[in-house]
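Here is the structure we will look at, set down as structure tokens.
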Ligand SMILES: O=C(O)CCC(=O)C(=O)O
């Protein structure tokens, strides 16, 4: 699912668009890195579309209003991409802050897996350990005998560790692990090596509040009487310069069945710094549409849109473009400053799927 393709795909329309928006630096001297200027005039901006729709009921060509009677906010469709919905500013600032806190504290907790599992095994309390400046230390021969950690853990937290030239213990600061956190999975756990869900892996249900929110937000994509069943979620964590290469999310659907029988949808919740999302067609050769994704926006992909390449080539972490002023205000109290410090240079995406 992840990764930018091979040399063949280097020349595709999708890859060209990725390169157009990706963060490149003008010069590579470490002293003053300046992001290369990017032409954003062709990036679809649903914030201004919403503004002009609210002001004069006008929509640009190619964008239409979705039938969403249960919603008191407009939901938009793209005429060329049946099954795709964009709900600008769907989450209130308070909701965004709630899901940012959850994504950093509870969602990466075992049995949920993260990208760190492969190297360190399950890691508990990563965010709080980073806040407390702890260090993850290899347990064998390194931690005191009376260490209270569960025996199944290969690594454990230590308050601080003086660097020692003679020590052979592997250790890594929690802050580094937090910066390198790329994904965590909720609900049914995904096995990246087999590119499939492994129902045998221990897992918790998708948290009720997230499940209820996903059901509500997915409603514009469901047929009458149907309800979205959130069974798995992937939380993606992006820092400056990170990107999610063009891919298809084709693991949940049974493509042997006629497309009409597949009602699996995915919903993407955006939190934190603004990003560019590319929505292509069924082939990488199809030119993608670029659009801004801001904190609180929701994207739905159902039906045919599920077969389309998509990706995130750019995150804007600079003050001018990140557009997170309202989050900054809401997270300015003492106990939230740790979340603010993380989110003002990051983006989180919660992406919820029905698997069966
Ligand atoms: O980050 C996003 O908004 C999109 C995430 C995505 O495409 C995915 O996880 O498959």
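Read-outs: derived from the displayed coordinates by stated rules, not from any lab. Quick caveat: nothing in here was measured; it's all calculated off a predicted structure. FYI the Cβ positions are ideal-geometry reconstructions off the backbone, even for glycines, and counts take in every protein chain you see.
Helix 208-218 axis versus longest C-alpha principal axis of the chain: approximately 20°, rounded to the nearest ten. The angle separating the long axis of helix 46-56 from the principal Cα axis of greatest extent in the chain is about 40 degrees.
Computed from label points 7 Å out along Cα-Cβ, the spacing between residue 125 and residue 287 is 5.5 nm.
Model label points for residue 24 and residue 37, set 7 angstrom from Cα along the Cα-to-Cβ axis, are 1.5 nm apart. Residue ranges 305-314, 278-287, 61-70, 200-209 sort as 305-314, 278-287, 200-209, 61-70 when ordered by packing (mean number of other C-beta atoms within 10 Å per residue, highest first).
Compute the acute angle (0 to 90°) between the alpha-carbon long axis of helix 93-105 and the principal axis of greatest extent of the alpha-carbon atoms of the chain; round to the nearest 10°. The angle comes out near 40 degrees. The distance between label points at residue 154 and residue 204 comes to 2.4 nm (points 7 Å beyond Cα on the Cα→Cβ vector). For the chain, what class follows from the C-alpha gyration tensor (a ≥ b ≥ c being the square roots of its eigenvalues): rounded when a/c is under 1.5, otherwise prolate if a/b is larger than b/c, else oblate? Note, shape of the chain comes out prolate.
The simple Förster model, with R0 at 51 Å and r as the Cβ-Cβ distance, assigns residue 321 and residue 140 a FRET efficiency of 0.65. Residues of the stretch 319-334 with an amide N closer than 17 Å to a point placed 7 Å from the Cα of residue 240 along the Cα-to-Cβ direction: 319-325.
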